[in-house]
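The values are calculated or read from the model by the stated rules, or taken from the named source; none is laboratory data. Computed from a predicted structure; not experimentally measured. Don't worry about glycine lacking a Cβ; one is built from the backbone with ideal geometry, like all the others, and counts go over all protein chains shown.
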Amino acid sequence: MRMDNQRESDNLEDRRGSGMGGGGGLRLGGGRMGLGTVAIALVASYFLGVNPMTVISMLSGDGMPAMEQSAPEARRPPADDQMAQFVSKVLASTEDTWNEVFRANGRQYQEPKLVLFTGATPTACGTGQSAMGPFYCPGDQKVYIDLAFYRDLKERFKAPGEFAQAYVIAHEVGHHVQNLLGIADKVHQAQQRASKADGNAMSVRMELQADCLAGVWGKRTDTMKGVLEPGDLEAALTAASAIGDDRLQQQSQGRIVPESFTHGSSAQRVKWFRIGFESGDMNQCNTFKAAQL
């Protein structure tokens, strides 16, 4: 990606070096969750999903986890931190894209914060941990990421490249867009009344919509700024394919269980990113009305 001359965002918080530490579980309300429940949540939400604490709260039957301690003081990353600069520029590009889209639709976009952390950090949705992968918390309208995740993206998921890294952020910002439009609330309310299988199916549609919105960002950003280079689109599609539920389940348990999907298959994730990228139109991203995913 050609990002050298792009602006950086003012909405980046650097909490690295302010680790929380922590004991043997996430505290919800008055007690601790068992490690088994936490493990299920981490597997279900490992990559590019809505906040894993949402999964934990659904499994436990409780409300959203409460924040246990205040967040560390926000600061800017060091001036020579190239990866933080790249992330900041990607975030700025999402701001430019969604400000324009919302304005064209008579709305005002509220820019999210992006928090860099290591290990664990407090959020309005509970304790965020690096093992959860990147996630979005609707409670504080912030995206959280431990940049060490990009090593996993390259080595574990075999999806290198800057556009693949940018896709991660764009997907989480897609969840922020869903939150602002009221889509996230409607889905979560419906999930509370649904069976586990139906709740999973709703989650799949929500995740695929975020993939499509990430595609919209990619197309509009390239149109406005000409940032993409040969091979960039393929890098993003490789990332989308690498983290399909079917592929992850096959790798982790040796079998595929479609009714337990929460993010969509590899083919579905690639399809919906392409729909967003080729159209550049968020109105094409209504996965909830799509007869065929």
### Only one of Val90, Val115, Val43 that is in a helix (DSSP H, G or I), modelled with pLDDT of 90 or more and not hydroxyl-bearing (Ser, Thr, Tyr)
Val90
### One residue from Gly30, Gly21 being on the phi > 0 side of the Ramachandran plot, surrounded by fewer than 17 Cβ atoms within 10 Å (Cβ to Cβ) and modelled with pLDDT under 80
Gly21
### Query
Listed residues Lys158, Lys142, Lys89; which is surrounded by fewer than 19 Cβ atoms within 10 Å (Cβ to Cβ), out of contact with any Phe, Trp or Tyr (no Cβ under 7 Å at 6 or more places or on another chain) and not polar (S, T, N, Q)?
Lys158
### Summary
Wholly inside region 146-249, helices (runs of 4 or more DSSP H) that include 2 or more residues that are farther than 21 Å from Ser265 by Cα, under 13 Å from the mean Cα position of the chain (by Cα) and modelled with pLDDT of 95 or more are 162-180
